[in-house]
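Participant: Just dropping this structure here.
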Amino acid sequence: MQSSMTCVRLMKQHSSRLPALLRLSPRPVTTQIGSRRDYASLHRDQAYIGGAWVSGNDGNTYPVINPANGVEIGRIPDLGVAETEDAIKAAYQAFQVWRETTAKERSDICRKMFNLMMTNQEELAKIITAENGKPLAEAMGEITYGASFFEWFAEEGKRCYGDIVPTMTKSKRMLHMKQPVGVAAMITPWNFPNAMITRKLGAALAAGCTAVIKPAEDTPLSALALAAIAEEAGVPPGVVNVVTCSRSNVSQVGKHLCKSPLVAKISFTGSTAVGKILLEQSASTVKRASMELGGNAPFIVFDSASVDDAVAGAIASKFRGNGQTCVCANRLLVQDGVYDEFCGKLRDKISQLVVGDGMQPGVTQGPLINDRAAEKVEKHVNDAVSKGAQLIIGGKRHQLGRSFFEPTLLTDVPKDALVCSEETFGPLAPVIRFTTEEEALIMANSTDSGLASYFYSNDIGQIWRVAEKLEFGIVGINEGLVSSEAGAFTGIKQSGLGTEGSKYGINEYLDIKYACFGGI
Ligand code: ADP
């Protein structure tokens, strides 16, 4: 059996054939400076290609901004097509060796990634809070969640069994084997700067694929910190690459990843609009595609529900990440019998939320990612109020700054309000009244999105009926927090293609090959 040292040596020999740009020696760790002191050992300000920290061909950079205070916390290479091609070639060459490693060797490396992430949990979390704004406690939770995918896929990778097929013809034997698809391009969002990468990367590495990661322009530091962790974990050069770029370069970088014949797979988490562009661009090379796109989650409270549980679930589901997750409740549908009680209790809980800089203890709601995000919340509030909704609490930008928004409760929201058909991605809880189960299901399902949904009920017949009829890939039943490495994260309708996490997630990175033996 090939040892992991042999594997690393092989990769190093291989990397000597990489283009000049990729042979730069790994860059030393950045020293402590200013407000970065809390996470300086994992702060990187270069991209990671072919096992080297690189600045890009023309030296262009762009700033990374802390959304809580507008302070620049780093300058990152603004790479283009040429460097993306370098990363693809590095990943393609590395794949030729990585695919030959044993499941056990890959599992060991994934396990090391898990251990290193947990050892560095606080540093990684502080990077998230600095570039994304979410409260530190939530960022710590994101690292636990993010690391769990390496732990999970370290195990799953060892269990990617094929089959021996029952014989159909006496002279033949048939079998199925699973093999890694190849280079996987990963385009990831800013709302979980760490976990949306690891949910893909854990599965890809365990399966034997290599990766080119294009992180969100707002949150590249978490991706680069992960590359630093990968380097320390002994991930061989070229197996993980991180290409950073600003919004102005993203469409050409994305297009190059989609059109490259050396890239076998595109895995994207982000908006439905961008997902559709990537699918179109990937058509010419018929790439494998996993798309985790936008949601419009209904959160239904039936008369039989425990109202206290439903309120706690609504706070967790609606206000986590300041409402900026694709599984956040977007519309709260509440039945007549518990409507007033639910709205009153929800108002009380919302008034206890604490807005501020996520680094401050006790803060539950950080800033929104940028001004554009705050504008959308403002638009949804104004639209609903203009159509007759009641503003109960919040409703405007917070005095702390333009990217902060007051946690908001609207009641009596009409069905034609924008918030019923569009994802708000912000701290706005709109409550819509309904009378019958059928009415609630029609409202809940009247969307092209089909990611997460939630409902609260203590009527067992209703629980079965509603769970079956909701047209969503994820259903939370008397539960507002559903994400887990062991559960299938999957959207239906226009919320996406494929599954992440769970025992199914690794299949996205595997081909099934059928081998037929004759002359037996
Ligand atoms: P949001 O509007 O919330 O930022 P996006 O879908 O625009 O969501 O962004 C998610 C990811 O997709 C980010 O990494 C972003 O840089 C990337 N992205 C945005 N536009 C494109 C594009 N045209 N091609 C490739 N990637 C893109």
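Participant: Could you look through segment 434-449, keep only residues that are in contact (Cβ under 8 Å) with a residue 60 or more places away in the chain and surrounded by 20 or more Cβ atoms within 10 Å (Cβ to Cβ), and pick out the one that is farthest from THR411 (Cα to Cα)?
Facilitator: SER449
Participant: Please identify the pairs in which a residue from segment 245-268 that is within 25 Å of GLY505 (Cβ to Cβ) has its Cβ atom under 6 Å from the Cβ atom of a residue that is of a type in the set (Phe, Trp, Tyr), counting only partners at least 6 apart or on another chain.
Facilitator: LEU262/TYR92
Participant: Here is a follow-up. Hey, among the residues in segment 166-202 that are within 19 Å of LEU262 (Cα to Cα) and open to solvent by 10 Å² or more (accessible area, probe 1.4 Å), which one's farthest from the ligand (Cβ to nearest atom)?
Facilitator: Across segment 166-202, the extreme among qualifying residues is GLN179.
Participant: Tell me, which strands (runs of 3 or more DSSP E) wholly within segment 203-311 include 2 or more residues that are within 16 Å of the ligand (Cβ to nearest atom)?
Facilitator: Because the criterion is at least 2 residues that are within 16 Å of the ligand (Cβ to nearest atom), the strands (runs of 3 or more DSSP E) in segment 203-311 that meet it are 210-214, 240-242, 263-269, 288-292.
Participant: Among the numbered conditions (1) within 15 Å of the ligand (Cβ to nearest atom); (2) farther than 21 Å from GLU406 by Cβ, tell me where ILE369 comes up short.
Facilitator: (2)
Participant: Report yes if some residue within segment 387-397 is loosely packed, with under 15 Cβ neighbours inside 10 Å and in contact (Cβ under 8 Å) with a residue 40 or more places away in the chain; otherwise report no.
Facilitator: Scanning segment 387-397, I find no residue that is loosely packed, with under 15 Cβ neighbours inside 10 Å and in contact (Cβ under 8 Å) with a residue 40 or more places away in the chain, so the answer is no.
Participant: Working only within segment 297-320, note down all residues that are surrounded by 23 or more Cβ atoms within 10 Å (Cβ to Cβ) and small (Gly, Ala, Ser).
Facilitator: ALA297, ALA305, ALA310, GLY313, ALA314, SER317
Participant: Name the residues in segment 269-310 that are among the hydrophobic types (A, V, I, L, M, F, W, C) and farther than 30 Å from LEU333 by Cα, would you?
Facilitator: Within segment 269-310, ILE277, LEU278, LEU279, ALA283, VAL286, ALA289 qualify.
The values are calculated or read from the model by the stated rules, or taken from the named source; none is laboratory data. Predicted model only: the values in this text are computed from it and were never measured. Cβ coordinates were reconstructed from backbone atoms using ideal geometry, including for glycine residues, and neighbour counts include every protein chain displayed. Heads up: the accessible areas ignore ligands, DNA and RNA and are worked out on the full protein's heavy atoms, side chains in. Shrake-Rupley method; radii C 1.70, N 1.55, O 1.52, S 1.80 Å.
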